[in-house]
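Scroll down for the structure; my scribbles are underneath it.
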Amino acid sequence: MYLFPLGLVLLFLAIHRGGIFVSAQQCHLKLPPKSFDSPSNGPDSSARSTSSSSADSSPPESKTVTSSAVVPSIPAFDYNNDKIRGVNLGGWLVLEPWITPSVFENTGNDAIVDEYTMGQLLGSETASKILQQHWNTWITEDDFVAIKTAGLNHVRIPLGYWSVPLTSSDTSGSTSVAPYTPGAWPYLLKGLTWAKKHSINVILDIHGAPGSQNGYDNSGQRIPDPVWALNSANVSRTIDTLRFIVKNLAGSVSVIELLNEPAGFRGDNWAQTIRQFWSDGYDAVRQAGGAGIKVMIGDGFLGVQTYTEEVGARWDGTWSSTNSQYHGSCTNYTGNYQDFSGSYKSFLRKYWEVQVEIGEDISGWVYWTWKAENADEWSYQMGLEGGWIPKDPRDRQYPGLKPKNARSKRAMDARLPKEVEDPRTTIFVKGTHTGERIKAVMKDLMALKRPHAISFSKKNPIYPFGSNETSISSLEFWAAKNDASLFVVGQSTKKRPNGLTFVRMFNNQVLDMLEVGVDSWAGMDDFKTPKSTPGHKPLMHFASELFDTHPRYIQAKSMLMDFFNGEAVDSICLTGLEHVISISCAPTPASLNNATVVTQPNQHPSAPEDTSSLPKIHIRTYTTRLLSSGTRIPRVELTPMGPNFDLSLRRHKAADPDLLKQAMKRPKLKKADIESGLGKKRKNMEVDEMGDLRGRVHIAKQDLNKLQTRKMKGLKAGYLEEDKDGEDQSDDVPRKKRRKEE
């Protein structure tokens, strides 16, 4: 399943070994050319979707590598300096119903949904006849000519394991492929011949493995519970298949992809098997073909599995889920490109260009797919014809993709780092089991958080404190996609009922987490009083010393402030202060008076923390009324508006020190700010918890004998001496007169 209407596969020519990624050696060895059968030629087909003016009619008879025909090696591609520009030949040697729906519709059996059920329900003879016709006509030499003319230098050919003619000498396991229909191998060899003839490099990938590596129809078998990773024999046979391909085709294939889209999201056992398979598969390729063939791997869905979670629901609401919603119609956005509007084609061109730019910043790109019967937006061939893909992949209509208008520029600037943070956008995620109380609590919290709140209506298997990394990957993906930095995950289980988990992000990574239990709750609807205006910044009041001394409560205070805090403001207008959130704690036990974390004696560091002694957190919400007081300062009256919560602390995850250091890093001050007294020159000044600027003045030790308290002429020394000399004069003579007489 693919998320976007354009599928570009970025190439990562590396393999995981010993905990690190090491690049494959970037050179081609001169290997002896391999010989193989080249199928005979056959009839043409005029169907638009097949483009088969040079197609072959007679099916190839050989199914083994026995012919003496020699195909010359293609020129070595400089993977260090040249950019891969390629396209997938999807739907050719591995059927996919959405690419070639007519193949399945013509069977007249709705139960046939993949190649497995085709062979199972039709029988090998009928299935072989259908597939031979398809292989002969879907991809022909004309397609390779068109691909070369379009300026592309690679094709990626998906291949099922059932099409590789293993014998008992090639594997110690079973060689049976039933109920699959073999026979595509000679057509692969024909494609390699055409590729070499037109100087096109080939990426060959195992698209379908024994037992299905993901359960999707593109693996050959659509099943809810694939078993490839659960059976070591399946993995071993896949490695034997890779070894056989490299031994026989190393001179004709430039890159081999070990396995397409293995489902690492199915659990730790799958993830471990896939990682080991990358290493074992790499060794098998190197042993069989030396360094003359490059190795390609994917991420096993370990980072992007959420495409099939919240984001994967169909746009038009047709996805088979009870929670599926209608967002819009797909009419004129898929199907025949002649129905596409000009603006949609412009969007497809921009979308193509931005993906190509990203790919070429690394090693290159491979587009999915070359052709499709009823989905032109996926087809490179129809993109060329419709004009949204250029004839030369180096051409750009939108170099740099700069914003066309102020609105686009604002949208791009909104995601850039800022000196002053924007209000944190919070995503509310329902777990698999929530319960009525948690649903109501999340509804009220979202009402307080609006307009900076996003709600996922679908239930998701998210367990932030679980050992599986899948949940963390999902949160990080959603954070990046929605530009969100906070999550509230609601989950209620028998062991931990009525639970809320606050997850804080930094740079789309999980920074820290806090789980609380909702012990009691009174919703907004329970208070028949006026409510505050959504989006207004609240006044927050923390009424316990624990919020400043105890690590668990310091984290809770920080998390709640980030959650409720709104726009940064320079001044406050009392009339705009519409509601107050008061957060207090139950009486503090004597054991917590020392403001230290209490740990059980002899407790293992990984053991669950005992939170039974931690006081509950009480959250109360009020609206404000400003009443006359007879002075300039109004009298403030608080009226309960709800919601009210009583929360108990449960599990938590502290921030990684290195990541926290990055999150707390402050930008460099501007020169003008430093000159105005900010930054390093701002000595003896600090901001207290209330945001008030306080200064400290240092003065020398004062000698009170030298301190002049009043400017009185009578205290001056000259006047004192004059008075001493004139003591014999009459006291009744005025001073001014005596001075004149002198």
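The values are calculated or read from the model by the stated rules, or taken from the named source; none is laboratory data. A quick note: this is a predicted structure, and the numbers were derived from the prediction, not measured. Every residue, glycine among them, receives a Cβ derived from its backbone with ideal geometry; neighbour counts consider all protein chains shown. Keep in mind that these areas ignore ligands, DNA and RNA; they rest on the heavy atoms of the full protein, side chains included. Shrake-Rupley method; radii C 1.70, N 1.55, O 1.52, S 1.80 Å.
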Being open to solvent by 60 Å² or more (accessible area, probe 1.4 Å), modelled with pLDDT of 90 or more and assigned to a loop (DSSP other than H, G, I, E, B) is the filter here; which residues of the stretch 603-636 pass it? 616
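Going by the conditions given, is residue 263 touching a residue at least 12 places away in the same chain (Cβ under 8 Å), under 24 Å from the mean Cα position of the chain (by Cα) and open to solvent by less than 10 Å² (accessible area, probe 1.4 Å)? It would help to see each step written out before you state the result.
Working: touching a residue at least 12 places away in the same chain (Cβ under 8 Å): yes; under 24 Å from the mean Cα position of the chain (by Cα): yes; open to solvent by less than 10 Å² (accessible area, probe 1.4 Å): yes.
Taking the combined requirement at face value, the residue satisfies it.
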Does any residue of the stretch 549-559 turn out to be in contact with a Leu (Cβ under 6 Å, 6 or more places away or on another chain), open to solvent by 30 Å² or more (accessible area, probe 1.4 Å) and of a type in the set (A, V, I, L, M, F, W, C)? no
Inside the stretch 184-201, can you point out the residues that are open to solvent by less than 10 Å² (accessible area, probe 1.4 Å) and among the small types (Gly, Ala, Ser)? 184, 191, 195
The stretch 477-497 residues that are in a helix (DSSP H, G or I) and at pLDDT below 95, paired with ones that are polar (S, T, N, Q) and open to solvent by 10 Å² or more (accessible area, probe 1.4 Å) (beta carbon under 8 Å, 6 or more apart): 479/485; 479/508; 480/508; 482/425
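Output the residue which, of all residues in the stretch 124-152 that are in a helix (DSSP H, G or I) and among the aliphatic types (A, V, I, L, M), is farthest from residue 198 (Cα to Cα). I'd like the intermediate steps shown before the answer.
Looking only at the stretch 124-152, we keep the residues that are in a helix (DSSP H, G or I), and these are 124-138, 141-149.
Of the ones still in play, those that are also among the aliphatic types (A, V, I, L, M) are 127, 130-131, 145-147.
Details: 127: 32, 130: 29, 131: 26, 145: 7, 146: 10, 147: 9 Å.
Among them, the one singled out is 127.
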Write out, first by first residue and then by second, each pair whose Cβ atoms fall under 7 Å of each other, whose residues are 6+ apart or on separate chains, and whose first residue, in the stretch 289-302, is at positive phi while the second is part of a loop (DSSP other than H, G, I, E, B) and buried (at least 23 other Cβ atoms within 10 Å of the Cβ). 300/262; 301/263
Complete set of residues in the stretch 85-103 that are farther than 17 Å from residue 158 by Cβ and either within 29 Å of the chain's Cα centre (by Cα) or crowded, with 21+ Cβ neighbours inside 10 Å (or both): 85
Looking at (1) open to solvent by less than 70 Å² (accessible area, probe 1.4 Å); (2) outside any strand (DSSP E or B); (3) at pLDDT 95 or above, which is the one condition that is false for residue 121? (1)
Mind checking which residues of the stretch 510-532 are open to solvent by 60 Å² or more (accessible area, probe 1.4 Å) and part of a loop (DSSP other than H, G, I, E, B)? 528, 530, 531
Answer yes or no: is there a residue in the stretch 435-454 that is over 16 Å from residue 502 (Cα atoms), modelled with pLDDT under 90, within 22 Å of the chain's Cα centre (by Cα) and open to solvent by 60 Å² or more (accessible area, probe 1.4 Å). no
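Only one of these is open to solvent by 40 Å² or more (accessible area, probe 1.4 Å), touching a residue at least 60 places away in the same chain (Cβ under 8 Å), more than 15 Å from residue 645 (Cβ to Cβ) and touching a Pro at 6+ places or on another chain (Cβ under 9 Å): 546, 574. Name it. Break it down into steps so the answer makes sense when it comes.
Working: 546 fails: open to solvent by 40 Å² or more (accessible area, probe 1.4 Å).
Among 546, 574, only 574 is open to solvent by 40 Å² or more (accessible area, probe 1.4 Å), touching a residue at least 60 places away in the same chain (Cβ under 8 Å), more than 15 Å from residue 645 (Cβ to Cβ) and touching a Pro at 6+ places or on another chain (Cβ under 9 Å).
Just wondering, is there one or more residues in the stretch 494-503 that are open to solvent by less than 20 Å² (accessible area, probe 1.4 Å), under 17 Å from the mean Cα position of the chain (by Cα) and within 25 Å of residue 301 (Cβ to Cβ)? Lay out the reasoning, then the answer.
The initial filter retains those residues of the stretch 494-503 that are open to solvent by less than 20 Å² (accessible area, probe 1.4 Å), namely 499-503.
Checking the rest, the ones that are also under 17 Å from the mean Cα position of the chain (by Cα) come to 503.
So of that shortlist, the ones also within 25 Å of residue 301 (Cβ to Cβ) come out as 503.
Yes: one or more hits.
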Could you check, for the stretch 149-168, whether at least one of its residues is farther than 30 Å from residue 76 by Cα, at pLDDT below 95 and either surrounded by fewer than 23 Cβ atoms within 10 Å (Cβ to Cβ) or acidic (Asp, Glu) (or both)? yes
Checking residue 678 against (1) more than 30 Å from residue 617 (Cβ to Cβ); (2) at pLDDT 65 or above; (3) surrounded by 10 or more Cβ atoms within 10 Å (Cβ to Cβ); (4) of a type in the set (A, V, I, L, M), only one condition comes out false. Which one? (2)
